[in-house]
1. Along its principal axes, what span do the Cα atoms of region 85-191 show, with the longest given first and each in whole Å?
2. In Å³ and rounded to a whole number, note down the convex hull volume per residue for the Cα atoms of the chain.
3. Can you run phi through the Karplus equation (6.51, -1.76, 1.60; θ = phi - 60°) for region 20-32 and list ³J(HN,Hα) in whole Hz, with x for Gly and Pro?
4. Please report how far the C-alpha centroid of region 15-35 lies from that of region 94-165, rounded to the nearest whole angstrom.
5. What are the ³J(HN,Hα) couplings of region 102-108, residue after residue, when phi is run through the Karplus curve with 6.51, -1.76, 1.60 and θ = phi - 60°? Round to Hz, x for glycine and proline.
6. Using a Cα-Cα cut-off of under 22 Å, which lysines could be cross-linked to K56, ignoring same-chain neighbours fewer than 8 residues away?
7. Report the residues of region 137-167 in range of a label on E113: point 7 Å along Cα→C-beta, backbone N strictly under 11 Å from it.
8. Calculate, for D145 and A8, the FRET efficiency according to 1/(1 + (r/R0)^6) with r their C-beta to C-beta distance and R0 30 Å; round to the nearest 0.05.
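Just so it is clear, none of the values below were taken in a lab; they were calculated from the coordinates. If you're wondering where the values come from, they're calculated on a predicted model, not measured in any experiment. No Cβ is skipped: glycine too gets one built from the backbone with ideal geometry, and neighbour counts run over all protein chains shown.
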Amino acid sequence: MIIKTASASDQAGAIGILTLAFSTDPMARWSLPHPATYLATFSSVAKAFGGNAFEKGTAYIAKDFTGAALWLQPGAKPDEETLKRLFEENTDDAIKEDMQGIFEQMEKFHPTEPHWYLPMIGVDPAHQGAGIGGALMTEALKAVDRDGLIAYLESSNPKNISLYQRHGFEVIGEIQSGSSPVLRPMLRKAR
């Protein structure tokens, strides 16, 4: 499996992969349930969540654009203002308060010490189950382990928890607000 660091010219393809991958994600579709709104908005959500991963060389893609992962190095953060604006403008009024509760809880679980953060990883649904997600994790975790730091993510899909656990992540809690699906924060100890 060939995994490479994504360049700026790979960004559109990587965001396309993530848009396909998250089209059945419980949290993504709870927050953006209308197909037209999801398709019009999700690429901006992915770019905001992935922060500067493309510019910093911490975005990864699988050969032939079958999978992508956006990692944020220590000190880097998602574009929270843009994320909040996108959800404010595009979510149903009935869940806006719950969305705010999700963001507040995410902040409480997020580590304060230096760490690598995985805001998004996804595989094109036509290629899921072929080991692409695992290959993306293996490649990115080389940098995490080189730095000797912890890694953190929030799993928005219970189907993915076993993948993360195979790579050393442990569930450290649950995030849920109102009618939202459960988001599971996960931490991987430094190695």
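1. Projected onto its principal axes, the Cα set of region 85-191 covers 43, 37, 22 Å.
2. Dividing the Cα hull volume of the chain by its residue count gives 107 Å³.
3. For region 20-32, the Karplus-derived couplings read 5, 4, 8, 5, 10, 6, x, 6, 4, 7, 5, 7, 10 Hz, x marking Gly and Pro.
4. Distance between centres, Cα-based: 15 Å.
5. Computed from phi, the couplings for region 102-108 are 4, 4, 5, 5, 4, 5, 5 Hz.
6. The reachable lysines, counting only those whose Cα sits under 22 Å from K56, are K4, K47, K77, K142.
7. Those under the cut-off are 149-151.
8. After rounding, the FRET efficiency stands at 0.70.
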